[in-house]
Amino acid sequence: MSRFLFNRLLGMIVVLFLVCLFTFVVFFVLSPDPAVQICGKNCTPEAIDQIRENLGLDQPFWTQFWTFITALFTGRTYGTGANAVECAAPCLGYSFQTSQPVADMILQRLPVSATIAIGAAVLWLLAGVAGGLISAVREGRFADRFIAGLTLTGMSVPNYVLALALQFLLVVTLGWLPFPQAVPFGDDPVRWFANFLMPWTVLAIGSAAVYTRLTRANVIESLQENYVRTARAKGLRPGLVWRRHALRPALTPIVTIFGMDFANLLGGALITETVFGLNGIGKLAADSITKNDQPVIMGVTLLAAFLVVVGAMVVDLLYTAIDPRVRVGSVK
Amino acid sequence: MSTATETAAAGPLLRVRDLTVGFQTAQGPVEVVRSLDFDLPRGGALGIVGESGSGKSMTSLAVMGLLPKGATRTGSIEFAGTELTALRERAMREVRGNRIAMIFQDPLSSLNPYYTVGTQIAEAYRSHRRGVTRRQARTVAIAAMERVRIRDAARRVDHYPHQFSGGMRQRVMIAMMLSMEPELIIADEPTTALDVTVQAQILDLLAEIRADTGAGLILITHDLAVVSEVTDHIVVMREGALVEQGPVERIFTDPQEPYTRMLLDAVPRIDDEIGLLRTTAPAAWEER
């Protein structure tokens, strides 16, 4: 088990290093000179050189890259003497636009993205698994067809259309929900819930549809298993047969993709956050891309990559916990 | 507990009359069991023999009310005086597992890999005995495992099916069934997936349980040698229909039908010429 963990960790580090390298090349080497951007309109060549020196842009590529990597763990100092600025670890640099440390900007917005992601995930898991199970045990009947219609609709309507349509209907026309704002849970739980309900729904519907289909297919398959016949022959209630004997084995592959999907979402729901004006990681990414704020783009990209890699590892660990057959160290 | 039970006590444990099981296929209706009649006396042991596709498994599933979707069942199945075909699903569930228990061919795929064997034994027991706690059910599970001679049952109860050998898994299945103290045991090819030495042990165990509990036994198999060891009456089936039935000794010494003779010839003997068994079952009847 520890050997397995060690290998996974090692692989994770390699992947993250490669992601760092790749994003570094794209954003720092292939992009327009940041010094020119920072300097602005009234600029002299001397000022540009000064900025380059302060940011370390005059150094060779590998030195710059190495400084970037070490800054993540030990922090770094920009400039020298009286002008020196200390950037504490994990240092992702400073935003060209707001001059805030990128790490702080991300940390500020992470709670909003996390709230959106967790709420949406709960919704789509519940809806997807329940819908899929009902669909599977009623295969070919009305409930199955009805759910199939719903999932098809859910999968074909784009996020932003749904977001705008819901907003128009629930906020503008009916006035049932407030326009979404990121209200902290502690301030007013009811308002918090009302504010996040729409973003959650919008994000959840597409995934719920996919999870419904997946659950349905898996449950239909496990219903064919001999142990389901055994469960019936034992005289168990249909509810127990479905839940324990058909659904449980069907959930393993769902857990696998869920980990990845959830990690992905934690790294920012770009469209949903932008449409609803919620200041999460996704909105941060969208804003920094339009303003070519390279350190922020880089920070967000690294965060997303980190989350996905960690998500994949958690899934692997969960998998061993879920399926007794792959548990390491089992006794014969 | 009155007249019905008394009259039932006089009659056989299981009385099957004119049982027909059919399917609708693209080629039209197919009958996989055709007007089958047989009786199983109380405490008796009946072997249903036939090649694959002869309808023997469908017969057992029909008795259990577990036929696949789309199958039709007509005729009469009377169990201890109760007409099973007239029972609603809820009432049938009380019979299934509780009064008629079934074990299957492949014990690995017949046990759920996600739960410990203890959980799977206990869940059957708890679903039929109201107000039984988890702890009590666990005790019952351990006792049942000990009874089928699984060593170290108190520890093994928490193991998963894949941690058992093939023969031990079948013992687990038998323990699961035993915990319910059924009146009728249906064993569908219980030893086919096991190697020969283990086969003998499982058959001995079944015979022993039958002697101990007085439960009736229906043993479904393609293997006449297996039937001769455990049962006292044989039903020979072919293409869904009854070929002949009778006491084991009579069938073995004096088979009336050519088909039975062919089946007997198919049992390999060292001094024998090879008897060829012609299979005529259409593909649509193939069992999985």
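The values are calculated or read from the model by the stated rules, or taken from the named source; none is laboratory data. Please read these numbers as outputs of a predicted model, since none were measured by experiment. When we count neighbours, we look across all protein chains shown, and the Cβ atoms used for this are built from the backbone with ideal geometry, even at glycine.
Check B:A71, B:A141 and return the single one that is touching a helix residue (DSSP H, G or I) at 6+ places or on another chain (Cβ under 9 Å), under 19 Å from B:H162 (Cα atoms) and away from chain A (no Cβ under 12 Å). Spell out how you get there, then give the answer.
Numbers: B:A71 fails: under 19 Å from B:H162 (Cα atoms).
Answer to the selection: B:A141.
One line per residue, one yes/no per condition, for (1) assigned to a helix (DSSP H, G or I); (2) touching a strand residue (DSSP E or B) at 6+ places or on another chain (Cβ under 7 Å); (3) of a type in the set (V, I, T); (4) under 30 Å from A:S135 (Cβ atoms):
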| position | (1), (2), (3), (4) |
| --- | --- |
| A:A148 | yes, no, no, yes |
| A:T151 | yes, no, yes, yes |
| A:V161 | yes, no, yes, yes |
| A:V172 | yes, no, yes, no |
| A:P178 | no, no, no, no |
| A:P184 | no, no, no, no |
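Considering only residues of segment B:44-74 that are charged (D, E, K, R) and more than 15 Å from the chain's Cα centre (by Cα), which is farthest from B:T85 (Cα to Cα)?
Kept after step one, since they are charged (D, E, K, R), are these residues of segment B:44-74: B:51, B:56, B:69, B:73.
After this cut, where a residue has to be more than 15 Å from the chain's Cα centre (by Cα) as well, the list is B:51, B:69, B:73.
Numbers: B:E51: 26, B:K69: 16, B:R73: 8 Å.
In this case the residue turns out to be B:E51.
Mind checking which pairs have a first residue in segment B:139-158 that is without any contact (Cβ under 8 Å) to a residue 24 or more places away in the chain and a second that is hydrophobic (A, V, I, L, M, F, W, C) and buried (at least 16 other Cβ atoms within 10 Å of the Cβ), Cβ under 7 Å, 6 or more apart or different chains?
Matching pairs, first to second residue: B:E146/B:A153; B:A153/B:I142; B:A153/B:M145; B:A154/B:I142.
Where the second residue is assigned to a helix (DSSP H, G or I) and the first is of a type in the set (A, V, I, L, M) and lies in segment A:151-162, which pairs have Cβ atoms under 7 Å and are six or more apart or on separate chains?
As it stands, the answer is A:M155/A:G206; A:M155/A:A209; A:M155/A:V210; A:L162/A:V202; A:L162/A:I205, since those pairs meet every condition given.
List the helices (runs of 4 or more DSSP H) that sit entirely inside segment A:1-100 and contain at least 1 residues that are over 14 Å from A:Q294 (Cβ atoms) and in contact (Cβ under 8 Å) with a residue 24 or more places away in the chain.
In segment A:1-100, the matching helices (runs of 4 or more DSSP H) lie at A:2-24, A:45-55, A:61-74.
Listed here are the residues, each with its yes/no results for (1) farther than 21 Å from B:P190 by Cβ; (2) aromatic (F, W, Y); (3) surrounded by 19 or more Cβ atoms within 10 Å (Cβ to Cβ).
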site	(1), (2), (3)
B:L19	yes, no, yes
B:S35	yes, no, no
B:V63	no, no, yes
B:A80	yes, no, yes
B:E94	yes, no, no
B:L108	no, no, no
B:A122	yes, no, yes
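Kindly establish whether B:E83 is among the charged types (D, E, K, R) and in contact with a Leu (Cβ under 9 Å, 6 or more places away or on another chain). Break it down stepwise before answering.
Numbers: among the charged types (D, E, K, R): yes; in contact with a Leu (Cβ under 9 Å, 6 or more places away or on another chain): no.
No, not satisfied.
Scan (1) in the same structural domain as A:T301 (by TED's automatic domain parsing); (2) within 25 Å of the chain's Cα centre (by Cα) for the single condition A:F73 breaks and write down its number.
Only one criterion is unmet by A:F73, namely (1).
Please verify whether A:P253 is over 30 Å from the mean Cα position of the chain (by Cα) and within 14 Å of another protein chain (Cβ to nearest Cβ), treating the condition exactly as stated. Walk me through it before giving the result.
On the way: over 30 Å from the mean Cα position of the chain (by Cα): no; within 14 Å of another protein chain (Cβ to nearest Cβ): yes.
So A:P253 does not fit the description; no.
Quick check on A:V137: is it in the same structural domain as A:A246 (by TED's automatic domain parsing), touching a helix residue (DSSP H, G or I) at 6+ places or on another chain (Cβ under 9 Å), farther than 25 Å from A:A263 by Cβ and in contact (Cβ under 8 Å) with a residue 60 or more places away in the chain?
Yes, satisfied.
Are there any strands (runs of 3 or more DSSP E) wholly within segment B:3-88 with 2 or more residues that are farther than 28 Å from B:L205 by Cα and touching a residue at least 40 places away in the same chain (Cβ under 8 Å), and if so which? Reasoning before the result, please.
Numbers: elements: B:14-25, B:28-40, B:45-49, B:71-79.
It comes to B:14-25, B:28-40, B:71-79.
Of all residues being touching a Ser or Thr at 6+ places or on another chain (Cβ under 9 Å), under 30 Å from A:A165 (Cα atoms) and of a type in the set (G, A, S) in segment A:205-249, which is farthest from the other protein chains (Cβ to nearest Cβ)? Just the residue, please.
A:A209
Do you know which residues across segment B:51-82 are among the small types (G, A, S) and on the phi < 0 side of the Ramachandran plot? Steps first, answer last, please.
If we filter segment B:51-82 for residues that are among the small types (G, A, S), which is where we start, we get B:52-55, B:57, B:60, B:62, B:65, B:70-71, B:75-76, B:80-81.
B:S52, B:S54, B:S57, B:S60, B:A62, B:A71, B:S76 - these are the residues of segment B:51-82 that are among the small types (G, A, S) and on the phi < 0 side of the Ramachandran plot.
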